Structure formats: structure tokens, C-alpha cells
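Encoded as C-alpha cells, the structure appears first; notes follow it.
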Amino acid sequence: MAQKRSARRQTGPAPAPAEQPGPSALFRVCMTAALLALYAALIAKPIDLTTSDLGRHLKNGELFFQRGLIAGTNLYSYTHPDHPFVNHHWGSGVIFYLIESAAGFSGLSLFFIAASAAALWLFFASAARHASFGLAVMLTVLALPVLITRHEIRPELFSYVCSGLFWKVLSDYRERRRGAAWLTVLPFLQLLWVNLHIYFFIGLLLISAFLLEALIALVRMNSTALGVDRRRCATLATLLCVCAGASCVNPAGLRGALYPLMILREYEFPVIENYSVPGILAAGFQFLPLIYFLLLFAALCLSWLYVALKDRASFFLGHLLLSSFFAATAWATIRNLALFAFFALPLTAANLRGLSRGSMRWLGSASASAGAAAALALLLVLLQPDYFGAGRGGLGIGIKTGNLAAMQFMRRENLQGPIFNGYDLGGYLIYALFPSERVYVDNRPETYPPSFFAEDYLPLLVSEEKWRAYREMHRFNAIVINPGGRSAAMENFAVRRMFDPDWAAVFFDKDILVLVRRFGPNQPIITRHELPRDAVLRKVE
């Protein structure tokens, strides 16, 4: 009997018993819809091409359909056009371009919101299955402030959806709700994922975790079930090998499959979203979501403490390794906070399923779960009200009002390069001007030599001697920058250029400042549109 109990414990967390009293099906549907609607509202932000990668992704998709091109060199930049890189997200650009071409930026926003909500539903449904519906609601409310840290349209969207699908299929197979035939979907999903986003390796990680649990169960299994569990281990091992092979089906082959191990080595530029949690605090940034991440992280840690002290039958090594991995990646790189939040839902719920049937059984009633969720949501808002305020950009879909004004100006006036531009505006200029003009730099550190930012970009912002040397080397005819961003160096650079007699400001809105060189090919633009220096300086400062 002891062996059989041990065997059952090692087959994976079971869903809450069907006979356990709980809220009605109608309440579940309404509450689920309310959670998803709240999440959708919080990530429904107008598209800002001046601060995101989306413009470049759209251009990638355009080049794929117009030329059949998947770029393997830095063709968007004139500084290092032959520098090779692994284009690990080209498929996302294809999808974004198709949707934007068919439905515009509003359609692209709606697609992003719908896909994000689908990802949340996958993880929420898993949490409800592992514990109780009420506990899953509470955990989701706790996770929402962390999830909305990633509200821009990015290829990582597909990693959230694919992660949720992998988790669901593997969980259903482990809990014997679906047969092995469903696993055949995963290699095809992996084949798609490896061409959509660099986090495709998470699929292999999840299979490995479930395989580890199956192997542990096999070691502890009694002889009567040994054959069945050997087949399950063999099935998962085969699945892992097939998905690993599918990961090599990308434009870079094996190098592309191994690229997640190498990409951060190529980041020689201080990208804020790649800061660690301690690093961003040490840099002095006010990082409002931090308190919510710490609360969710504490909930996951406490759930493991509960397992260790009160419910060792719920201990699963695969879950512990996954919890450790996603928590570590979130602490190491703040761009991974949302990924951690998604996985924290089912992992925490699985640990607390015993508690949900015991001292937290009261969450089983509709009124209790709704009231507790509302109280928790209010508490979270009061904890950091500025995080949910106007500073988040307001609600909306489609392109941000006035966001294309600079693009329309540069196209209409036929702006002539070479252009010196700011790091953040590279994607915007690629979307606006390529192929007629190329950029000096864009926000893909991995597509430039490691020394580029330290020697050829940042010094130009702070050293007049370096600026003059590179101005003569590249014969800059235009400057396109965002002096109102986070960079004090860029703001000071803009002020110096306004006092430089060689340059004239011809366009300036709240996001983009365009300057052109006097007595060059853009002189007619100066004649028509030169802005008063004092007015520009007031806006810059």
C-alpha cells in the first residue's frame, strides 16, 4: 500500500476533486470573463513606434513578402551592414505584417490583446484545475500587476501562448485526461515557436521537467504498473528528442537552436529591460512593479514552505526546478517578470491544492471568492496607485495620436541622409524610411559588434571631439533623436547641437527632434521649416 500511495504522489498534481463544492458554472464563466477583461483593459495601450521594436518587425514582414528575404545580416544599418546575426523572431514580423496590412494598427492591437488574454486563460485554467477556482482567482489578481509590465506588441507574446499550450498538453497527459496522441501537436508547435521568439527553449524545458517527474515515478512504481510508466517515460523522451530536432528547423539551423545560450553575451549596451532587479535599483530607477513582483514571489516561496511543512505529498521535483528557473530569470532580467507571473499561477496553485481543500475551503463559495478578489485588487491599487494611473499611457488601441507625424514629415520633405539617430528611434526610422535611408544604430545590440556602443555610439553623445570626427567620417546630413527620453546624455547632446551653427531644427514634437545640416542637401527643408532655437531649447529642457 505504501508503494501505491508513493506512486500516485509521483504522477503529478491532480485536479481538485469534482465533488468538492464550489461556485456555479455561470459564476465561473462570469468571473473568468471579468479577469480576462480586466487584463485586456490594462494592456490596451496605444502603439508607440518611437519606443518599441514593432516598426522593425513590420519591416521584416514586408521584406519577407516583397523579396522573400529573412535577414541574416544587419542590412538596416549603414554602419555595419554585413555584421551577421541570428534572426530568431522573423516569423513574428511576418504575422504582425499580415495583420497590420489586413486590419491596420487597430487590428494589430486587438490581436495582441486577444492572444495575451488567451495565454492568461491557459495558465489560469490550469491553476483552477490544480487547486480551486477561488484560489486561482486570487492568484491571478495578485499576478496581474506583474503581467501588465509587458504591454507592448512584441514577439514574446507568442512565447506566452506557446508556453501555456505546452503546459496544458503536458499536464493533461500527466494527469491522464488526454492520451499520447495529443503530444504529437507539440513538435509542430515547437517548429513554429523557434521561428517566432527566442524563448522557444522553454518548450524543451517543460518536456524535460515532466520527463523527470515520470522517471521518478517509474523508480517508485510497483511492478503491476511498471510497463505503463515505462511507456510514458519513453513517450516523453521521444517527444523531447523530436522537439529538439524541430528547434533546428530555422534559418540558422543548429546555431539558431543554441542561440539562447549566447545572445546575452552580445549585449554590450545597457538596455533597461535587461537589468536585474538589484541592478535596476542600484541604477536609481523608480521601478513601480517591483513591490508586486515581490508579493507574487513571496506567494510562490510560501507555497513551497507549505509543501515542505504540511503537504509533502504535493512535492514534485519538476515543479521545484521550474519554480527556481522562472524566479531566477525574473530576478536576473526584469523583462522576464511577466513570464514568471504566468508560470507562478499553476505552480503556486499546485502547491496549495491541499490548503484550498482545508483552511481555505471558504473560497469555494461564489460570494467569498468574488469579495476576496475585489478586496485584494483594491489593496494592490492602493499599494501603488501611480502604477495604474495616467503614467501608464491611458487606454486605447491602434497607433498613438501623432505618432506618425515625424515619419510623414521626413517622407514628405524627402529627408536626405546619412542620418545620425538615437538608439531608441532605430525601429521607428527603419519602418519610416528603409530602404531609401538606413539608420546609424537601432535597438538590437546583438546585431552590432560588441565594441560599437562603447566606441562608436555613446562617445558621440558626450564628446564633442568624437562627434566632430564621426561627423566628418560619415558626412551626417540629418540627426533624428528623442531628447525627452531617459538619457541625460541625449538631452545634453540635443542642447549642444542647438548651439552648433552647422545644424538647424526643422521638426520637433513631444517624441522626436529632427535637425539637418546647413548648406547641405536638406537646405530647402531649413528654408521652409526652421524652428526658433529658444523654442526648441525650452521643450528640450
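Quick one: Ala504 ticks every box in (1) closer than 19 Å to Glu413 by Cα; (2) loosely packed, with under 14 Cβ neighbours inside 10 Å bar one, so which box is it?
Answer for Ala504: the failing condition is (2).
Report yes if Asn87 is among the polar types (S, T, N, Q) and not in a helix (DSSP H, G or I), otherwise no.
Answer is yes for this residue.
Mind listing just one residue for me: the one in the stretch 305-323 that is of a type outside the set (A, V, I, L, M, F, W, C) and in a helix (DSSP H, G or I) and, of those, nearest to Ile216 (Cα to Cα)?
Gly318
Which condition breaks for Ala103 when tested against (1) free of Cβ contacts under 8 Å to residues at least 24 places away in the same chain; (2) crowded, with 24+ Cβ neighbours inside 10 Å?
Result: Ala103 fails condition (2) only.
Among the residues of the stretch 457-485, which ones are within 18 Å of Tyr78 (Cα to Cα) and touching a Ser or Thr at 6+ places or on another chain (Cβ under 7 Å)?
Taking the stretch 457-485 as the starting set, the residues that turn out to be within 18 Å of Tyr78 (Cα to Cα) are 457-458, 460, 467, 469-481.
Within the stretch 457-485, none qualify.
Filter the stretch 47-69 for residues that are polar (S, T, N, Q) and part of a helix (DSSP H, G or I); which is surrounded by the fewest Cβ atoms within 10 Å (Cβ to Cβ)?
Going through the qualifying residues, I end up with Gln66.
Quickly run through the stretch 114-158 and pick out the residues that are of a type in the set (Phe, Trp, Tyr) and touching a His at 6+ places or on another chain (Cβ under 6 Å).
Answer for the stretch 114-158, where residues must be of a type in the set (Phe, Trp, Tyr) and touching a His at 6+ places or on another chain (Cβ under 6 Å): just Phe158.
Can you pull out the residues in the stretch 457-512 that are of a type in the set (Phe, Trp, Tyr) and closer than 19 Å to Glu530 by Cβ?
The first filter runs over the stretch 457-512 and keeps only residues of a type in the set (Phe, Trp, Tyr), leaving 457, 467, 470, 476, 493, 499, 503, 507-508.
Within the stretch 457-512, Phe476, Phe499, Trp503, Phe507, Phe508 qualify.
Among the residues in the stretch 88-104, are any hydrophobic (A, V, I, L, M, F, W, C) and closer than 19 Å to Ala33 by Cβ?
The answer is no, given that none of the residues of the stretch 88-104 is hydrophobic (A, V, I, L, M, F, W, C) and closer than 19 Å to Ala33 by Cβ.
Could you tell me whether any residue of the stretch 339-354 is assigned to a helix (DSSP H, G or I), modelled with pLDDT under 90 and surrounded by fewer than 21 Cβ atoms within 10 Å (Cβ to Cβ)?
yes
Under 9 Å by Cβ, and 6 or more places apart or on different chains, what pairs join a residue from the stretch 177-198 that is within 17 Å of Tyr160 (Cα to Cα) and at pLDDT 95 or above with one that is outside any helix (DSSP H, G or I) and hydroxyl-bearing (Ser, Thr, Tyr)?
Close Cβ pairs satisfying both conditions: Gln190/Ser247; Leu191/Ser247; Trp193/Ser247; Val194/Ser247.
Please go through the stretch 162-176 and pick out each residue that is within 17 Å of the chain's Cα centre (by Cα) and either modelled with pLDDT under 95 or surrounded by fewer than 21 Cβ atoms within 10 Å (Cβ to Cβ) (or both). Please lay out each step first, then the result.
Taking the stretch 162-176 as the starting set, the residues that turn out to be within 17 Å of the chain's Cα centre (by Cα) are 162-165.
Once the filter is applied, which keeps residues that are within 17 Å of the chain's Cα centre (by Cα) and either modelled with pLDDT under 95 or surrounded by fewer than 21 Cβ atoms within 10 Å (Cβ to Cβ) (or both), the stretch 162-176 yields only Leu165.
Take the residues in the stretch 263-309 that are within 28 Å of Phe85 (Cβ to Cβ), at pLDDT 80 or above and of a type in the set (Gly, Ala, Ser); name whichever of them is surrounded by the most Cβ atoms within 10 Å (Cβ to Cβ).
Gly279
The values are calculated or read from the model by the stated rules, or taken from the named source; none is laboratory data. As the structure is a prediction and not an experimental result, all values here were calculated from the model. Positions of Cβ are generated from backbone atoms using ideal geometry, with glycine treated the same way; all protein chains shown enter the neighbour counts.
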